[in-house]
1. Of S20, S38, which residue is small (G, A, S) and within 21 Å of A178 (Cβ to Cβ)?
2. State all residues of the stretch 11-27 that are in contact (Cβ under 8 Å) with a residue 40 or more places away in the chain and out of contact with any Lys or Arg (no Cβ under 9 Å at 6 or more places or on another chain); if no residue qualifies, say none.
3. With the requirement that a residue be surrounded by 18 or more Cβ atoms within 10 Å (Cβ to Cβ) and either more than 25 Å from A179 (Cα to Cα) or among the aromatic types (F, W, Y) (or both), what does the stretch 85-110 give you?
4. Just the residues that are in contact (Cβ under 8 Å) with a residue 24 or more places away in the chain, farther than 19 Å from P149 by Cβ and not polar (S, T, N, Q), please, taken from the stretch 190-211.
5. Based on what the data block shows, is S100 assigned to a helix (DSSP H, G or I), over 17 Å from the mean Cα position of the chain (by Cα) and of a type in the set (S, T, N, Q)?
6. Given the criterion in contact (Cβ under 8 Å) with a residue 40 or more places away in the chain and either of a type in the set (S, T, N, Q) or outside the structural domain of A202 (by TED's automatic domain parsing) (or both), identify the matching residue among S164, S100.
7. Which one of S115, S214, S154 is in a loop (DSSP other than H, G, I, E, B) and either within 24 Å of I85 (Cα to Cα) or in contact (Cβ under 8 Å) with a residue 12 or more places away in the chain (or both)?
8. Of all residues in the stretch 19-54 being β-branched (V, I, T), assigned to a helix (DSSP H, G or I) and more than 14 Å from the chain's Cα centre (by Cα), which is surrounded by the fewest Cβ atoms within 10 Å (Cβ to Cβ)?
Amino acid sequence: MQAPAIQAVIFDMDGILIDSEPVWQQAEFQVLHSLGMSVSREAIALTTGLRIDQVVDFWLQRFPKVKVDPQYIADQIIAAVIAYIRRDGKPMRGVVDALSACHSRGLKVGLATSSSWDIIDAVLGKLAITEAFDAIQSAQDFPLGKPHPEVYLSCAAKLALAPSRCLAVEDSFNGLIAARAANMQTLIVPAAEQRQDPRWAAAHHQRDSLEALSALLDTL
């Protein structure tokens, strides 16, 4: 059966619009180690795409002897990430052209992210792309973040479109699961070192950067 025609593109944020995933991982690594949680950088990659409270819960379950307020841990990580974004944040390759490609084709544009609203504001403000989006949704508003599909379903509802009419653009496996569970078409744009991960077979499409989005949209 042929997939329904796309009427909107919904972007993830971290690792798709802004090169912040390494910063998230570095902030997570530093804060956790400062609290006595000896985690590896490889293990930290497992939390990519999760909401910050899920990240903190993930580690506290694995280090039950660490008795620290989860909100304190989350606040420390978020503060480090926001400071980086405001100081050094840069768009991922092809972001501006990808947004223009959507608008030139009359497609609606959404944002569905696990990040909190303060980080969303920092990113969109730094990149000066707030006005590019018809709908913005943070998983902060819901009981569960990605890989639960609610953030994507809510964004599609804000766009007044069926999820099947939306193309979700992701860089993480947790995000890909969320988009697939929402019954959206999916494009995975993984980090260069992760492009050979066999899990990306779950995506409808895979590309190396957002620079390829325009040509892909012409085929959908």
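The values are calculated or read from the model by the stated rules, or taken from the named source; none is laboratory data. All values derive from a computational prediction rather than experimental measurement. With ideal geometry, Cβ positions are generated from the backbone for all residues, glycine too; neighbour counts draw on all protein chains shown.
1. Result: S20 is the single residue among S20, S38 that is small (G, A, S) and within 21 Å of A178 (Cβ to Cβ).
2. F11, M13, D14, G15, I16, L17, S20, E21, V23, W24, A27
3. First pass over the stretch 85-110, keeping only residues surrounded by 18 or more Cβ atoms within 10 Å (Cβ to Cβ): 85, 89, 91-92, 94-95, 98-99, 101-102, 107-110.
Result: I85, G89.
4. Initial filter on the stretch 190-211 (in contact (Cβ under 8 Å) with a residue 24 or more places away in the chain): 191, 197, 199-200, 202-204, 209-211.
With farther than 19 Å from P149 by Cβ added as a condition, the list becomes 191, 197, 209-211.
Answer for the stretch 190-211, where residues must be in contact (Cβ under 8 Å) with a residue 24 or more places away in the chain, farther than 19 Å from P149 by Cβ and not polar (S, T, N, Q): A191, D197, L210, E211.
5. Working: assigned to a helix (DSSP H, G or I): yes; over 17 Å from the mean Cα position of the chain (by Cα): yes; of a type in the set (S, T, N, Q): yes.
The answer is yes for S100.
6. Values: S100 fails: in contact (Cβ under 8 Å) with a residue 40 or more places away in the chain.
Just one listed residue meets the conditions, S164.
7. Details: S214 fails: in a loop (DSSP other than H, G, I, E, B); S154 fails: in a loop (DSSP other than H, G, I, E, B).
When all the criteria are applied, what remains is S115.
8. Residues of the stretch 19-54 that are β-branched (V, I, T), as a first pass: 23, 31, 39, 44, 47-48, 52.
Subsequent filtering for residues that are assigned to a helix (DSSP H, G or I) retains 23, 31, 44, 47, 52.
Going one step further and asking which of them are more than 14 Å from the chain's Cα centre (by Cα), we end up with 31, 44.
Details: V31: 22, I44: 19.
Once the filter is applied, the top-ranked residue is I44.
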